[in-house]
Amino acid sequence: MANLELKENTVQQRSLGQGGPSVSAIGLGCMGMSWAYGQAEQDDAASAALLAEAVESGVSFFDTADVYGLGANEELVGAALAPFADRITLATKAGLASPDRQAGSLVPDGRPEHLREAVDASLRRLGREVIDLYYLHRVDPAVPLEESWSTMAEFVRSGKVKAIGLSEVTVAQLDAAQAIHPVAAVQSEFSLWTRGPAGAGAPAVASAAGTPRDVGIGGLSAGAPGDVISWTAASGAAFVPFAPLGRGFLTGAFDAGTTFAEGDFRARNPRFAAEALAANQRIVDEVKAVAEQAGATPAQVAIAWVLAQGEHVVPIPGTKRSKYLQENIGAAALRLDAEQLDRLSNLPAPEGERY
Ligand SMILES: NC(=O)c1ccc[n+]([C@@H]2O[C@H](COP(=O)([O-])OP(=O)(O)OC[C@H]3O[C@@H](n4cnc5c(N)ncnc54)[C@H](OP(=O)(O)O)[C@@H]3O)[C@@H](O)[C@H]2O)c1
């Protein structure tokens, strides 16, 4: 136990929003353990061991969603983290549905009746009496945000959920939500090659000729998000960047010759098509150059840059492997200097839409 406490002290802490729990500056995204990146590498026993290792290494913020593995990821994460429930913060999400479970395609469903069923189902699968942080996974264009968000607020009042947040939203949507109930956290894709939530100055997609455009799950257009990072800082909410490693790309793991297995989300993702991978190598080359200079790995540089965007930023890199977990945690101790940060902030825009 003494050893464990010693290790915990070595991972920096950040507050998950004003008045929120103190969590490790680097969380763990659990999606890939059950979803998105191909079934061949999914191994529940190995993932359960990794989750325990993460806690023992000082990670205290974990991310799942009801749709990851269509419930399987919540079951896996809930069981593996049950022994540590009192010292971790576990986030999950609702607001997407998979009407065709065979195909696994997702559509937004922000209807109050869906959310009410979803929260009870998540609590059951997680084996918990309360969810620490509950996100609306996507705003449903067919349901006024106010309706979905008021329903989420109802879960806080009834004690099913401690705090609520949103994923992939615009500043205008955040203003509307905040007027009803405090936004504890915003989770959006944000990394060296996906800068939408940083607002107007951020490079968009090179091929979109300067028109910032963000496309969400199922072609759901959220529009340009605006400066969500500043909004969260000013509003006392946490900003939780998802896919901070560019779904693996920013680690230097892929080149134009990389092929992805059928069932791997990247096999159909425009940014991972051979042409885009080739064009985007210039981004990863710069990340590698900074990494070499800083005596770190490209993954650590990508995470450290995200952490440097504000004290309220808590990224959740995803991995299934101990080696990557330890490497990623190590990024909390990496300090990039002003010149390195500047170089990274001025990377060219990527080729290829992110969905
Ligand atoms: N709100 C949303 O809509 C949304 C959408 C997507 C994801 N998320 C959340 O965000 C989390 C993180 O995103 P993500 O997993 O999609 O993308 P990511 O964190 O950018 O990248 C994960 C990929 O990078 C690899 N990787 C991790 N660490 C590495 C390292 N140090 N060196 C080399 N490769 C490394 C992983 O490989 P292995 O898997 O082989 O370890 C995996 O292929 C997810 O787990 C999920 O919880 C949320």
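A few remarks follow.
- Positions within segment 42-53 being under 20 Å from the mean Cα position of the chain (by Cα) and in a loop (DSSP other than H, G, I, E, B), in sequence order: Q42
- Residues of segment 150-168 classified as within 16 Å of the ligand (Cβ to nearest atom) and either without any contact (Cβ under 8 Å) to a residue 12 or more places away in the chain or part of a helix (DSSP H, G or I) (or both), total: 1
- The set of residues in segment 41-71 that are among the hydrophobic types (A, V, I, L, M, F, W, C) and buried (at least 16 other Cβ atoms within 10 Å of the Cβ) comprises A48, L50, L51, A54, V55, V59, F61, F62, A65, V67.
- A36 being modelled with pLDDT under 95, out of contact with any Ser or Thr (no Cβ under 7 Å at 6 or more places or on another chain), of a type in the set (A, V, I, L, M, F, W, C) and within 15 Å of the ligand (Cβ to nearest atom): yes
Conditions tested, residue by residue: (1) closer than 23 Å to P21 by Cβ; (2) touching a strand residue (DSSP E or B) at 6+ places or on another chain (Cβ under 9 Å).
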| position | (1), (2) |
| --- | --- |
| G38 | no, yes |
| A46 | no, no |
| A54 | yes, yes |
| R111 | no, no |
| Y134 | yes, yes |
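- Within segment 18-36, considering residues that are touching a residue at least 40 places away in the same chain (Cβ under 8 Å) and not in a loop (DSSP other than H, G, I, E, B), the one surrounded by the most Cβ atoms within 10 Å (Cβ to Cβ): M33
- Qualifying residue in segment 41-63 (condition: touching a Cys at 6+ places or on another chain (Cβ under 8 Å), modelled with pLDDT of 95 or more and of a type in the set (S, T, N, Q)): yes
- Against the test of being hydrophobic (A, V, I, L, M, F, W, C), touching a helix residue (DSSP H, G or I) at 6+ places or on another chain (Cβ under 8 Å) and assigned to a loop (DSSP other than H, G, I, E, B), the options F254, F249 yield a single qualifying residue, F254.
- Residue list for segment 39-48, restricted to those being in contact (Cβ under 8 Å) with a residue 12 or more places away in the chain and more than 8 Å from the ligand (Cβ to nearest atom): Q39, A40, Q42, D43, D44, A46, S47, A48
- Residue in segment 79-86 that is touching a Leu at 6+ places or on another chain (Cβ under 6 Å), part of a helix (DSSP H, G or I) and surrounded by fewer than 23 Cβ atoms within 10 Å (Cβ to Cβ) present: yes
- Residue match in segment 56-65 (condition: touching an Asp or Glu at 6+ places or on another chain (Cβ under 6 Å), over 13 Å from K320 (Cα atoms) and away from the ligand (no atom under 12 Å from the Cβ)): yes
- Whichever residue in segment 67-77 is in contact with a strand residue (DSSP E or B) (Cβ under 8 Å, 6 or more places away or on another chain) and free of Cβ contacts under 8 Å to residues at least 60 places away in the same chain and, among such residues, is nearest to the ligand (Cβ to nearest atom): V77
- In segment 267-355, counting only helices (runs of 4 or more DSSP H) that sit wholly within it, the ones holding 1 or more residues that are within 16 Å of the chain's Cα centre (by Cα), more than 10 Å from the ligand (Cβ to nearest atom) and within 21 Å of A233 (Cα to Cα) span 298-307.
Rundown of residues vs (1) in a helix (DSSP H, G or I); (2) under 14 Å from A36 (Cβ atoms); (3) more than 19 Å from the chain's Cα centre (by Cα), yes/no style:
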{"residue": "P225", "(1), (2), (3)": "no, no, no"}
{"residue": "I229", "(1), (2), (3)": "yes, no, no"}
{"residue": "T232", "(1), (2), (3)": "yes, no, no"}
{"residue": "T258", "(1), (2), (3)": "no, no, yes"}
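- Inside segment 96-132, residues that are hydroxyl-bearing (S, T, Y) and in a helix (DSSP H, G or I) make up a count of 1.
- Output for segment 168-187, where each listed residue is surrounded by fewer than 24 Cβ atoms within 10 Å (Cβ to Cβ) and among the polar types (S, T, N, Q): T170, Q173, Q178
- Residues that are away from the ligand (no atom under 14 Å from the Cβ) and of a type in the set (A, V, I, L, M, F, W, C) within segment 245-266 comprise just one, A256.
The values are calculated or read from the model by the stated rules, or taken from the named source; none is laboratory data. Every value quoted in this text rests on a predicted model; they were computed, and no experiment measured them. Positions of Cβ are generated from backbone atoms using ideal geometry, with glycine treated the same way; all protein chains shown enter the neighbour counts.
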